[in-house]
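Here's the structure we're looking at; comments come further down.
The values are calculated or read from the model by the stated rules, or taken from the named source; none is laboratory data. Note that the structure is a prediction, hence the values are computed from the model and not measured. Please note: Cβ atoms are built from the backbone with ideal geometry, for glycine as well, and neighbour counts cover all protein chains shown.
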Amino acid sequence: MAIKQAICYSLPCNQKKQDIKDSAGAIIGSDLFFGYAKGAIQENVNTAKQTLQNSYYDTAITAQNMQTQMAILERVARFSNPFQNIRYALNTAKVSADSAGKNDALSQALTANAHRENLQNNFWANVFGGANIIGQNSGALYGVNAGYDRALGVHFVGGYMSYAYSTIKDTNITQNSNNLQFGGYARLVFGKNEVDIKAFGQVAITKQNRYVVSTQNEADFARGFVGVSGAYGYIFTPHKMFVAKPLIGLNLYYNHTPKYSENGDLALEINAINSVNMSLDFGADLRGYWNVDSFFYITPKFEQYVLAKGSDFVSSFVGSPTTFSISSTPLLKTYFQVIVGVDIGIYQGLAITLSAGVKQIIAGKIQDKNETFVSGNVGVKYRF
C-alpha cells in the first residue's frame, strides 16, 4: 500500500503539518495530541487499511452469501431429484406390458412421486447460525432465510429474502450489522447440462467502532451490495440414484460504502468507497437420492478472485480541511469451501432440511490473517 498525504500542495509542508495538529488538537486537546501524535497517526493508517480492505472484501457479505448458497443448493438439489419425474418412473420401473397395471412400485411412482407435474409450488424457510474467525478474533452470524420457488417445465425459478445479524471483529475494528438481502435464482436444464443463476441485492445497516490509541471512534452507516453469479455443470450418473457434476462458475460483486463521519477523540470523516470484485469457481456437485423427499448433497469448490478494484481511502480529521489518502492494490484471495446437506422426508410434501458449510482462505491473506467461516442451518420445506 502506498500512502499519499495531500499535505504540501498550497502551503509549506511544515505549515500544513501544523494545521493538522491544530485541527486534531481542537478535538482531543493540545496536551494529549503531542503525546499521542505519532501513535495516533500510525494507528489511523493501520485502521484505515483495515477499513479499506473490509470495503473491498466485506466479511459480513461473505458470511451471508455462504448461508444463501446453502439454502439455494438444497432447493436446486431437490428440484433435480429423479424421483420427481414421471419419465424416470416409466423408464426405470422393471415391468412388462402385461404386468404394468399390477406393479405397485410403478403405480406408486406415477401417483405419488410425479411432483414436478402436479405439485409445483414450494415454500421454504430455515434458521441459521455461524461463526467467522479473522486473525485471532471471532464473530458471529445468525438469522433466517425464506423463499418461494416452482418448476417451469424442465426449468426451475425462485426468489428469497434473508435477514442476518452479524458481528465482525478485527484487530482495531468491530462491526455490528443488520443485513437484509433479496434475491432470485434459477436452474436451467438442457439435457445433461445444468446452468445455475443467482442475483441479489443487500443492505447492511452497520455500527462500527474503531480503536486508536486507547480511544473509541464510532460511526453508523448503511452499505449496499449487488451481485450476480452463474455456474455451469455437466451431469455424470455413475449410478441411477447418484449424480456427479463437475462445475465452473463466475461471480461479480459491487460494494458501496457511503461517506460517513465518526464520533470520538480521533474521529475521521471518510469519503465514499466503491469496489468491484470478480471471482471464478471450480468444484463439483455430488448428490444422492433415496426417495422423493430424502437425499443428500456435497458441494466442494475453490473460489479464486481474479479482480478486486476499488476507491482509495480518503479521509480527514473531523473539523480539519486537510485530507490524507491510502491507495491499495488488494491481494487476490483464494478460498476453499465445502457445503454438505441432507433432506429427510416426514410426510407427503413436508421435509426437514439440514446443512453445514465451511469456507477457508488458503491464499491472498491480508496482513497474513487467517479467515474461516463456519455455518449451519435447519429448516422446513412444504410443497403443494
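For the stretch 239-247, the criterion of being farther than 30 Å from residue 182 by Cβ, touching a Ser or Thr at 6+ places or on another chain (Cβ under 8 Å) and either without any contact (Cβ under 8 Å) to a residue 60 or more places away in the chain or not β-branched (Val, Ile, Thr) (or both) is met by at least one residue. Within the stretch 333-354, the presence of at least one residue that is charged (D, E, K, R), in contact with a helix residue (DSSP H, G or I) (Cβ under 8 Å, 6 or more places away or on another chain) and more than 24 Å from residue 250 (Cβ to Cβ) is confirmed. The condition of being in contact (Cβ under 8 Å) with a residue 12 or more places away in the chain, surrounded by fewer than 16 Cβ atoms within 10 Å (Cβ to Cβ) and of a type in the set (Gly, Ala, Ser) holds for only one of 267, 231, 308, 284, that being 284. Filtered by the rule that a residue be under 16 Å from residue 65 (Cβ atoms) and not small (Gly, Ala, Ser), the stretch 201-232 gives 202, 203, 223, 225, 226, 228.
Residues in the stretch 120-177 that are β-branched (Val, Ile, Thr) and touching a residue at least 40 places away in the same chain (Cβ under 8 Å): 6 in all. Scanning the stretch 207-228 for residues that are touching a residue at least 60 places away in the same chain (Cβ under 8 Å) and of a type in the set (Val, Ile, Thr) turns up 212, 213, 215.
Here 362, 366 are screened, and the one residue that is under 27 Å from residue 137 (Cβ atoms), of a type in the set (A, V, I, L, M) and buried (at least 19 other Cβ atoms within 10 Å of the Cβ) is 366. In the stretch 190-228, the qualifying residues are those that are crowded, with 18+ Cβ neighbours inside 10 Å and β-branched (Val, Ile, Thr), and the one that is nearest to the chain's Cα centre (by Cα) is 206. Checking the stretch 242-261 against the condition returns a match, with at least one residue being among the aliphatic types (A, V, I, L, M) and within 21 Å of residue 160 (Cα to Cα).
If you check residue 139 against the conditions, is it surrounded by 14 or more Cβ atoms within 10 Å (Cβ to Cβ), at pLDDT below 90 and at positive phi? The answer is no for residue 139. Specify the residue that is nearest to residue 377 (Cα to Cα); the eligible residues are those in the stretch 324-341 that are surrounded by fewer than 16 Cβ atoms within 10 Å (Cβ to Cβ) and over 16 Å from the mean Cα position of the chain (by Cα). Among them, the one singled out is 332. Residues of the stretch 173-202 that are among the hydroxyl-bearing types (Ser, Thr, Tyr) and over 30 Å from residue 266 (Cβ atoms): 185 alone. Residue count for the stretch 120-177, restricted to those that are among the hydroxyl-bearing types (Ser, Thr, Tyr), in contact with a strand residue (DSSP E or B) (Cβ under 6 Å, 6 or more places away or on another chain) and not in a strand (DSSP E or B): 0. Residues of the stretch 252-262 include at least one that is over 25 Å from the mean Cα position of the chain (by Cα) and over 19 Å from residue 168 (Cα atoms). Selection within the stretch 236-264: residues that are modelled with pLDDT of 90 or more, surrounded by 15 or more Cβ atoms within 10 Å (Cβ to Cβ) and of a type in the set (A, V, I, L, M, F, W, C). The member of this set that is farthest from residue 80 (Cα to Cα) is 252.
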